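Before any comments, here is the structure.
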Amino acid sequence: MYSNIYEEIKKYDKIVIARHIGVDPDALASQVALREAIKLTFPNKQVYAVGNSSSKFNFFPKLDRMPSELDGLLIIVDTPDKKRVDIPDMSNFSKTIKIDHHPWIETFCDIEYIDDKASSASEIILDFINNTELLMNEEVAEILFMGIVSDTNRFLFSTTSKTFLIISNLLRDYSLDVPKLYENIFLRPLKEIRLQGYIEQHMNVSENGLAHIMITNQIINELGVDSGSAGNLVNNLNNISEVLVWVMISEDVKNGIYKFNIRSRGPIVNTIAERYNGGGHKFAAGARVTSKEDVEKLLKDLDEICFDYINMNNEV
């Protein structure tokens, strides 16, 4: 499959690389690393990495403006379903390719490469480069290292022997400043640490082990953070013995939505998220709803799967 994708890249002079809405480090890293690798290998090609970014990820190379004409080859990374692609129109591209590590939801591209055992989209892109004639330099290596480290949360989640091997080879071949790269991903401003303290003090925990907190627009303004800050802290709650599933809910007044960041230590959460304009992995997912009624419905569904999980394991 890698050779087929590489042949399509060779074929087209104009390539657009997109990913999902609500950018995160892995999506951004896989996208811009692939762009840089293609440009290194084929300097005369027009290659664009597009979509909305975030100022908190300014340690990655900048994204491109959307080209005026959407044609040529479209590559979509880190996105399992069409509705979450951060691009206005896919219909005018001559060829579309999807490269993803999420469980399959739907087929919407001409060529689809899915490896749901991979730790991250960045791991797949690194493996793709390693197994084709695409070139890589230290900048690309740094970008992909940060993408993998971020999506695995320092190799705690979704990490296989292949992940460690591919990272080991990367560190062997390139002189990466690992402490600096970790600092880029994990260093937090004081206002986010204060938000973390607020979350730990005010989160609700149900009898079934569902922890959740709503970060309202008022709290966001009082603490001087943005609506995405709570989502950045969701992995900090993964070591609470009484909690099976934990949820950060951020009110986004500008877009009129409530953003859910969901993590789990057992119950499968992505199938629930898919019902609420979201999706993800079995134990790490996200969703977006537009009303408080749907907020309560989603929390109720998550509490029920915690209840079912407890009962199922008590019967074993």
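Counting only DSSP beta bridges with both residues in segment 190-315, the antiparallel share comes to about 75 percent.
Separation of segment 211-236 from segment 143-187 is 26 Å, based on Cα centroids. Cross-link partners for Lys95 among the lysines, with Cα-Cα distance under 23 Å and sequence neighbours closer than 8 places in the same chain left out: Lys10, Lys11, Lys14, Lys39, Lys45, Lys82, Lys83. Taking a cut-off of 35 Å, what percent of all Cα-Cα pairs in the chain are separated by more than that? Percentage above 35 Å: 21.
Counting only DSSP beta bridges whose two residues both lie in the chain, roughly 45 percent are antiparallel.
Find, among the GluC sites (Glu not before Pro) in segment 178-256, those assigned to loop by DSSP (not H, G, I, E, B) with at most 10 other beta-carbon atoms within 10 angstrom. Answer by residue number: Glu207, Glu242.
Residues in segment 281-288 carry Karplus couplings, in order, of 9, 4, 10, 8, 8, x, 8, 9 Hz; the curve used is 6.51 cos²θ - 1.76 cosθ + 1.60 with θ = phi - 60°, and Gly or Pro positions show x.
Any chance you could give the angle, 0 to 90 degrees and rounded to 10, that helix 121-130 forms with the longest Cα principal axis of the chain? Helix 121-130 and the main axis of the chain meet at about 20 degrees.
Taking a straight Cα-Cα cut-off under 16 Å and skipping sequence neighbours fewer than 8 places away in the same chain, the lysines within cross-link reach of Lys282 are Lys117. For segment 126-170, the list of GluC sites (Glu not before Pro) that fall in a loop by DSSP and count at most 14 other C-beta atoms within 10 angstrom reads Glu133. For segment 99-195, just say rounded, prolate or oblate: build the C-alpha gyration tensor, square-root its eigenvalues into a ≥ b ≥ c, call rounded for a/c under 1.5, and beyond that prolate if a/b exceeds b/c, oblate if not. Oblate. Restricting to Cα pairs below 8 Å that are 6+ residues apart, what does the relative contact order work out to for the chain? Please round to a whole percent. The normalised contact order for the chain reaches 12 percent.
Simple point charges give the picture: +1 on the Cβ of Lys and Arg, -1 on the Cβ of Asp and Glu, and for segment 203-316 a dipole about the Cα centre of about 340 debye. Here Lys191 is the anchor, and the lysines within straight C-alpha reach of less than 27 Å, apart from those fewer than 8 places off in the same chain, are Lys56, Lys62, Lys180, Lys254, Lys259, Lys292. The ranking of Ser150, Ser241, Ser54 by Cβ neighbour count inside 10 Å, starting from the fewest, reads Ser241, Ser54, Ser150.
Restricting the trypsin sites (Lys or Arg not before Pro) of segment 167-226 to loop positions (DSSP other than H, G, I, E, B) with no more than 10 neighbouring Cβ atoms within 10 Å leaves nothing. The amide H of Glu112, built 1.01 Å from its N in the peptide plane, has Lys98 as neighbours under 5 Å, considering only residues 5 or more places off or on other chains. Against the main long axis of the alpha-carbon atoms of the chain, helix 2-11 sits at an angle near 60°.
Each value in this text was obtained by applying a stated rule to the coordinates, not by laboratory testing. All of these numbers come straight from a predicted model, not from anything done at the bench. Using ideal geometry, Cβ is built from the backbone for each residue, glycine included, and neighbour counts are taken over all protein chains shown.
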